[in-house]
Amino acid sequence: MGSSLSVDGVHFNIYQEMRVSMVKARFLMELLNWLDDVYIADTGRIWSSGWGSHSHELDPAESAVPEWTEALSWFNNNFIDETISGKQAATWSSMIESANLYKDWETANPSAIPFTYSEKETNEETYPYLLPVWKYLTLFDYVTEMPEVGDTRWHKVENEDGDLRYVVYATTDWEYIADLSDDLPAGTWAAIEPRSGYFRILDPTEIPVRNVGTILVPSEDLISFDWFGDFNEDGSINVPDLLRIIENWGNCPDLPDICEGDLNGDAEVNVSDILELISNWG
Ligand SMILES: [Ca+2]
Ligand SMILES: [Ca+2]
């Protein structure tokens, strides 16, 4: 990040009225997008998050709303001035401070706007979220933070159909596997890479904790994105991609390493993955 953008993390201000559980779940989505920016995309963009509430709703001497005061504690305990993947995750900010950070970023990047969508865009489904993050976590409500396991932090979200997801990350910037079997519900779970959507079916004692974060999803809810198999990211699925599978043929590297070529998440690169690739050919 440039020196004028030395304030890392997500800055809060007030922009929209939402219920608390959705504010928290949306923040987890933003956190994953921010981590991707920090570790992969590296745009240095300013990330802000917030909600609408009246000041008296936060004042214990007035008519404080318990769920909002609890939300402040949740942010303070988990994110404000806390490290996530070794980076300062978030800081409280006034709207003026956030605006100035945006202006500084625009000054440092004169040919760009702080967003990748049109300035007049109002459809949130076209916001520049990572698509797997959007597909797996939108319209979920926050349920609870899960018991800490070493440096691992994880949070549970649920939608109105009762589908569950977990967002997993570490306080440190190193990648490792964590045993979450004590508290992960029974069933078959997969770890989703937030940027690519590639997944790996898991043993709950071996959850990959990556510096870009991990989304845990029940295997019955897995999504096969239409770019699956386009390993060289040239927009088509053809011979170079097939060769990439052959280069990676055999058993996958141990977690938390990513297994390029494994399209069905079974920790092997073999003929099943070739068939999956062929089904997307073109
Ligand atoms: Ca390709
Ligand atoms: Ca496979």
*Identify all aspartates and glutamates with a Cα-Cα distance to Lys156 below 12 Å; exclude those on the same chain that are fewer than 8 residues away in sequence.*
Asp141, Glu145, Asp183
*Looking at the P(r) of the chain, how many percent of alpha-carbon pairs lie beyond 22 Å?*
61 percent
*Among all the aspartates and glutamates, which ones have a C-alpha under 17 Å from Lys87's C-alpha, if same-chain residues fewer than 8 places away are not counted?*
Asp8, Glu30, Asp36, Asp37, Asp42, Asp151, Asp173, Glu175
*asked:* Charges on Cβ only, +1 for Lys and Arg, -1 for Asp and Glu, centred on the Cα centroid of the chain; of Val168, Asn264, Thr69, which one is farthest towards the dipole's positive end?
replied: Thr69
*asked:* Please report the antiparallel percentage of DSSP beta bridges with both residues in the chain, rounded to the nearest 5.
replied: 85 percent
*Comparing Leu32, Leu263, Leu72, which has the greatest mean-square fluctuation in the GNM of the chain with Cα pairs linked when under 10 Å apart?*
Leu72
_With a 10 Å cut-off between alpha carbons and a GNM built on the chain, which of Trp68, Trp189, Trp92 moves the most?_
Trp68
*Rounded to the nearest 500 deg cm²/dmol, what is the calculated helix-only ellipticity per residue at 222 nm for the chain, with -39500 (n - 2.57) per DSSP H run of length n ≥ 4?*
-7500 deg cm²/dmol
*For the chain, set up a Gaussian network in which alpha carbons nearer than 10 Å are linked by springs, and say which option among Val20, Val271, Val157 fluctuates the most.*
Val271
*In whole Å, what is the distance between the alpha-carbon centres of the stretch 128-159 and the stretch 253-267?*
22 Å
*Summarise the accessible area of the chain (1.4 Å probe, protein heavy atoms) by the percent that is carbon and sulfur.*
48 percent
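The values are calculated or read from the model by the stated rules, or taken from the named source; none is laboratory data. Note that this is a predicted model, so its numbers are computed, not measured. Because the Cβ atoms are built from the backbone with ideal geometry, glycine has one as well, and the counts that use them run over all protein chains shown. Surface areas here come from the heavy atoms of the whole protein model, side chains and all, with no ligands, DNA or RNA. Shrake-Rupley method; radii C 1.70, N 1.55, O 1.52, S 1.80 Å.
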